[in-house]
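Asks: Handing you this structure, nothing more for now.
Quick note: the coordinates plus some simple rules give every number you see, no bench work behind them. Owing to the predicted nature of the structure, the values given are computational and were not obtained by experimental measurement. Neighbour counts are summed over all protein chains in view; Cβ atoms, including those assigned to glycine, are modelled from backbone coordinates with ideal geometry.
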Amino acid sequence: MQVWGTNSGWFQLYKYDGETFFNVYTKKVLAVEEGKDQEGQNVKIMEKSDKATGQKWKLLYVDLADPEPTKGLNKQFNFMINKPFFLVSKLYMNRVAECVSANDIRLRTLARKNLGQQFYFDGSSKTIKSKQWTDRSITIQSDGTSSNIYMTTTNARWFQLFKNQKGNIVNEKGKVIEVQGHIDRENQNIGILEKDNGLYQQWDVIYVDEMPKELKKGDTNTMFGLDVERPFFVVTTLESERYLDLIGNNMVLKTPNSFPSQQWYFDQKSRTIKSMRSKNMSWDIDGASKGTNMSVAATNSYKGQLFKWDGESGFVNMYDGRVLDILGGKDEEGQNVQMSKANQSKGQVEDSVLRQSQTNSNERTEQEIRFRSQQTILHRLKDVDEQSC
């Protein structure tokens, strides 16, 4: 079916009987092709059939139609209408989608006042629009055939229609918005692919007025299991109780001393564990995250620099699940620290207890995390007295 210049030929004459539109001469009816209820589906003429789907229509005169709502929840798309929101990636840096130069959509660090990072659901067009460029909507490029998304003039075609569905932003045809290349880094492109539900395809829709405040010094980052900017030692309970230290930039065990190379803290902005000796450097797995040796390197927040404290396995890399380990479990001065699979080898842990106490004599809060292993290895996190990050 199409529209054409009016000529009143028999092929332009249709009647509505309360359920169907039919041609007054052929009696064929207006029908959705294959009965598929999806955006952009073709409409054609076919023989009437009680078994066929997609042949029945409702007639709604414009002056009797309810006005489009301007607020509240659109249940079909699961967005609040006209309420600005951030699209927050569930990758560990929790960066947000940003419309750049009224076109590209990139992954960037949250800047709350940047309107390019704010979107809203338009109740009329049923599209996700930019708060900064309100005539543009999120769109699958090349009329839906591309794996890229961008912002362009609103047209409400199927490749501009997205639902907020169980942590995914899902297009009308089923593809989901994702961080391309699965790389959690600044300015990474955002695109669309078939759903596999990796973290790179998962998003939180957080409305601007509900966005939590950034964690500050002393707050606990529950995802990483560490307090923000609260200096600590990492101590083994092999007989020597040596501390995690640095020789050059290499991570080793050493006898306790007063040097800042034995002191560490969790940096909320980068989500990395930094050295008090060199605050521009973070824990890092050698070999572009594929090696085993541990060192400190310039902070970049890539895969090999993101570690959590989980209270059971110790320090765990967020991406590959390997744990911080003492090479060979040997209690020796200068012994290397490495990454290993969590297999209860020497230097790895299997159980933990968290204890907090208050020492009134010097008003120092002490935090210890003790845990047992097959080789009775103990790592201890202990606050550094009167230190500041």
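Asks: Out of residues 5 or more away from M251 or on other chains, whose amide H comes under 5 Å of its own, with H placed 1.01 Å from N in the peptide plane?
Replies: Under 5 Å from the amide H of M251 lie the amide H atoms of M294, S295, V296, V337, each far enough along the sequence or on another chain.
Asks: Amide H neighbours of L193 under 5 Å, at least 5 residues apart or on other chains, H built in the peptide plane: list them.
Replies: V176, E178
Asks: Determine the percent antiparallel among the DSSP beta bridges restricted to segment 63-154, to the nearest 5.
Replies: Restricted to segment 63-154, the bridges split so that about 95 percent are antiparallel.
Asks: Can you list the HN-Hα couplings for segment 243-255, worked out from phi with the Karplus curve (6.51, -1.76, 1.60; θ = phi - 60°), rounded to whole Hz and with x for Gly and Pro?
Replies: Using θ = phi - 60°, the values come out as 9, 5, 9, 10, 10, x, 10, 8, 8, 9, 8, 9, 4 Hz.
Asks: When the label point is put 7 Å from the Cα of K56 along its Cα-to-beta-carbon vector, which residues of segment 9-42 have a backbone N closer than 13 Å?
Replies: 18-21
Asks: Largest first and in whole Å, give the semi-axes of segment 85-139's equivalent ellipsoid, each being the square root of 5 times a Cα gyration tensor eigenvalue. Present the calculation step by step, with values, prior to reporting the outcome.
Replies: Values: eigenvalues 74, 27, 18 Å².
Ellipsoid half-lengths, sorted descending, are 19, 12, 10 Å.
Asks: Each residue of segment 101-107 in turn: what ³J(HN,Hα) in whole Hz from Karplus with 6.51, -1.76, 1.60 and θ = phi - 60°, glycine and Pro shown as x?
Replies: So the Karplus estimates, Gly and Pro as x, are 6, 6, 9, 5, 10, 10, 8 Hz.
Asks: In whole Å, largest first, what are the principal axis extents of the Cα atoms in segment 184-228?
Replies: Result, largest extent first: 40, 26, 21 Å.
Asks: How big is Rg to Rh over segment 180-302, alpha-carbon atoms, Rh as the Kirkwood inverse-mean-distance radius? Spell out each step's value before the answer.
Replies: Details: Rg = 17.8 Å, Rh = 16.9 Å.
When Rh is taken as the Kirkwood radius, the ratio is 1.05.
Asks: Another one. Report the Rg/Rh value for segment 1-65, based on alpha-carbon coordinates and the Kirkwood definition of Rh.
Replies: Result: Rg/Rh = 0.97.
Asks: Using alpha-carbon pairs under 8 Å, 6+ residues apart, how would you state the relative contact order of segment 1-65 in percent? Present the calculation step by step, with values, prior to reporting the outcome.
Replies: Details: 85 pairs, mean separation 17.9, N = 65.
Reported as a whole number, the value is 28 percent.
Asks: Could I ask something else about it? Sorted from fewest to most neighbouring beta carbons within 10 Å, what does the list Y61, Y92, Y207 look like?
Replies: Taking fewest neighbouring Cβ atoms as first place, the list is Y61, Y207, Y92.
Asks: For the chain, what does the relative contact order come out to in percent, with C-alpha contacts under 8 Å and a separation of six or more? Let's see the in-between values first.
Replies: On the way: 886 pairs, mean separation 36.8, N = 389.
Across the chain, relative contact order equals 9 percent.
Asks: Return the sequence-ordered ³J(HN,Hα) values of segment 136-144 in whole Hz as given by the Karplus equation 6.51 cos²θ - 1.76 cosθ + 1.60 applied to θ = phi - 60°, using x for Gly and Pro.
Replies: 10, 10, 4, 9, 7, 5, 6, 6, x
Asks: May I ask you to compute the full-extension gain from N23 to S146, defined as 0.36 nm times their residue separation minus their alpha-carbon distance, rounded to one decimal in nm?
Replies: Contour length minus the Cα-Cα distance gives 40.4 nm.
Asks: On to the next question. Distance between the C-alpha centers of segment 64-80 and segment 1-34? Whole Å please.
Replies: 31
Asks: If you don't mind, there's one more thing I want to ask. Would you please give the residues with an amide H less than 5 Å from that of L306, counting only those at least 5 places away or on a separate chain, with H modeled from the backbone geometry?
Replies: HN-HN under 5 Å from L306: M318.
Asks: Take the alpha carbon atoms of segment 73-210, find their radius of gyration, then divide it by 2.2 N^0.38 Å using N residues; give the quotient.
Replies: 0.91
Asks: Still on this structure, please answer the following. May I ask you to give the average projected area over all directions of the convex hull of the Cα atoms of the chain, in nm² rounded to one decimal?
Replies: Its Cα hull, projected and averaged over all orientations, spans 26.4 nm².
Asks: Could you work out how far the C-alpha centroid of segment 276-306 sits from that of segment 156-188, in angstrom?
Replies: 31
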